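The values are calculated or read from the model by the stated rules, or taken from the named source; none is laboratory data. Nothing here was measured: the structure is a model prediction, and the numbers come from that model. So basically every Cβ, Gly included, is an ideal-geometry build from the backbone, and we count neighbours across all protein chains shown. Protein only, heavy atoms only, side chains kept; ligands, DNA and RNA dropped before computing areas. Shrake-Rupley method; radii C 1.70, N 1.55, O 1.52, S 1.80 Å.
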Amino acid sequence: MDGIFTSTNITTDEMRDNLIVSLSVYIPLALVIISGNALVIFVIRQTQRFDEPQFVLLGSLAFVDLLTGIIAVPMFMWACILRRSLYLDSKCYLQYIPSKICISVSLCHLLLITVDRYVSIMKPLHYRKLVTLRRIYFSIAISWIMGCFYGMVQLFGKIKKIEGILFCYAMDRRAIAMQTYITLVMVSVGSMLLMIMYFRIGLEARKHEKNIVSIPVSTRKVVRKRFKAAKTSALIVGAFGIAFLPFALRPVVYSFGYQRSDVYWYDLITEILINMNSAVNPFIYVCRLRSFSLTLRRLLNKTSTTAKALP
């Protein structure tokens, strides 16, 4: 282990702090993300509704979150261990590429989920014609292509090996600047589209509430179900926004002249929050999706009955 940090002058106390953060935060977080989203995918498969666009998108988002727990979080943990100190940046940017890919693909999925809910509410009669499984799968593939391109933009520049640290590479500043510009454009456009769609969904919901008496009982139930699904997607988007906003504001914080040693705690919190979002989504599904919670309870009861029947 000492050979990994020969040129970093890392002290035993600093190395201990890095390991404490990794063991106490990142490992439990990864376990919660993996177990929660693996359960989500399993339950969605058990509901036999995986051919519905809404559940295809939720299952695909759960898969992205699962990869976050399997790949991105361990890479974050490795980057934390490579730091000379929690107060300093290791300049090992290669470790953050999986996380950036997962974050960008998640943002694309949130847009797709919102568009799906938007069309189901604003164009209910044409929903099945407009939102087909073929288009959903095509959109998911495009989101992965865009996410991989965004995450790997830094690899287009010059890569410099930092000697004395295992698997540590510094990226070209121009490539980092390009990625920052893409981030600003992507987040700005995505946020604007999300706000516009949810604003119109809100107006439509208010309109239906005023005319709820004139709507037939059978149709009323379907309408309420669609709006509930829209609220669920809004919660998922809101959770992502809360987790991502502090991370996105880091350039603003540094523009005031602060160094990492001044706001090291802020960097740590933003890195943990951006990954914690993947652990929150399964709890939203359980609380908001009735079919999901019912299937989960049925599976748990079945498992409990089977366990009791064993000698």
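Some values worked out for this structure:
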quantity	calculated
Peptides ranked, highest mean first, by Cβ atoms within 10 Å: ranges 53-61, 101-109, 20-28, 269-277	101-109, 53-61, 269-277, 20-28
Amide hydrogen neighbours beyond the local backbone of residue 172, cut-off 5 Å, H modeled	157, 158
For residue 93, solvent-accessible area (1.4 Å; no DNA, RNA or ligand), Å²	50
For the range 226-249 versus the range 118-180, the gap between their alpha-carbon centres in whole angstrom	19
Flagged links, alpha-carbon separation over 22 Å, of 129/225; 100/160; 207/231; 100/129; 221/302; 123/207	100/129; 221/302
Net charge over other residues, Cβ less than 14 angstrom from the Cβ of residue 246 (K, R count +1; D, E count -1)	-1
Rounded to the nearest 10 Å², the accessible area of residue 267 at probe 1.4 Å	10
Amide H contacts of residue 249 (H built 1.01 Å from N, under 5 Å, at least 5 apart or other chain)	none
